[in-house]
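Notes follow the structure.
The values are calculated or read from the model by the stated rules, or taken from the named source; none is laboratory data. Fair warning: this is a prediction, and the values are worked out from it, not measured in the lab. Please note: Cβ atoms are built from the backbone with ideal geometry, for glycine as well, and neighbour counts cover all protein chains shown. These accessible areas exclude ligands, DNA and RNA; they are computed on the full protein's heavy atoms, side chains included. Shrake-Rupley method; radii C 1.70, N 1.55, O 1.52, S 1.80 Å.
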Amino acid sequence: HYGTVSIETVAESAGITRGLVHHYFRSKRDLYVAVVREMFRGNDVPVPEYVHPATPEQRLAESVDNWLDMVDRNRTTWLIALDAGLGRDPEILAILDRVRERAVDNIIAVLGIGPASTAPPHLRGALRAYGGFAEASTREWLERDRLDRDQLRTLLTDTLLHLVRETIPTIETATPRPEASPT
């Protein structure tokens, strides 16, 4: 956990002095925020290109594999970041929000379901909800060992395909419920 690691330990692991760490980072929190930011900067999951005859399902499987690779490489930081690190750190929450919005854009591109810039709110909302499901599912893999990677990959790809093909069209055609009258 982030709180149990000292700056001295970080410096020693990096083969540098504590003073050098403090030269670049005023506090352990600043170092932690930089690590989380870098995890997502260097590992933005690339959208697989359309290559004939690749299907959306194949592109999705490749995309999920790329995402699982990033999560696996950064498992400790990933799990801490999901908890927003230092309690509910606003800077970590802002980083995660941007990453989650980019993930929605990437899903739209991978599946070829329209330009992300004009995606309707219900589509973005459903895909953000799926993102929460994907994050919770990684805990089952990384922390609880209830799913192995192949099972998680199947769960994530099949669920997303069902969501896009079956559930979202139903949401689009759903009749809005009348507002409840005050009692």
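Quick notes
- Complete set of residues in segment 66-89 that are open to solvent by less than 40 Å² (accessible area, probe 1.4 Å) and within 20 Å of Arg29 (Cα to Cα): Asn74, Thr77, Trp78, Leu79, Ile80, Ala81, Leu82, Ala84, Gly85, Asp89
- Within segment 144-175, being open to solvent by 50 Å² or more (accessible area, probe 1.4 Å), outside any helix (DSSP H, G or I) and under 24 Å from Gln58 (Cβ atoms) holds for one residue alone: Asp148.
- Among the residues listed as Val110, Val164, the single one being at negative phi and without any contact (Cβ under 8 Å) to a residue 60 or more places away in the chain: Val164
- Residue within segment 129-145 that is of a type in the set (Gly, Ala, Ser), farther than 21 Å from Val71 by Cβ and modelled with pLDDT of 90 or more present: no
- Positions within segment 93-124 being more than 26 Å from Asp65 (Cβ to Cβ) and within 15 Å of the chain's Cα centre (by Cα), in sequence order: Leu93, Ala94
- Residue under evaluation Val104, criteria (1) closer than 24 Å to Ile80 by Cα; (2) at pLDDT 95 or above, criterion not met: (2)
- The residues on offer are Arg26, Arg41, and the sole one that is open to solvent by 70 Å² or more (accessible area, probe 1.4 Å), out of contact with any Asp or Glu (no Cβ under 8 Å at 6 or more places or on another chain), more than 30 Å from His162 (Cβ to Cβ) and at pLDDT below 85 is Arg41.
- One residue from Ile108, Ile92 being in contact with a Gly (Cβ under 7 Å, 6 or more places away or on another chain), surrounded by 18 or more Cβ atoms within 10 Å (Cβ to Cβ), within 20 Å of Ala61 (Cα to Cα) and not aromatic (Phe, Trp, Tyr): Ile108
- Among the residues of this structure, Ala103 counts as one that is in contact with a Gly (Cβ under 8 Å, 6 or more places away or on another chain) and of a type in the set (A, V, I, L, M).
- Check on Thr4, at pLDDT 85 or above and among the β-branched types (Val, Ile, Thr): no
- Hits in segment 113-144 - residues which are of a type in the set (S, T, N, Q) and without any contact (Cβ under 8 Å) to a residue 40 or more places away in the chain: Ser117, Thr118, Ser137
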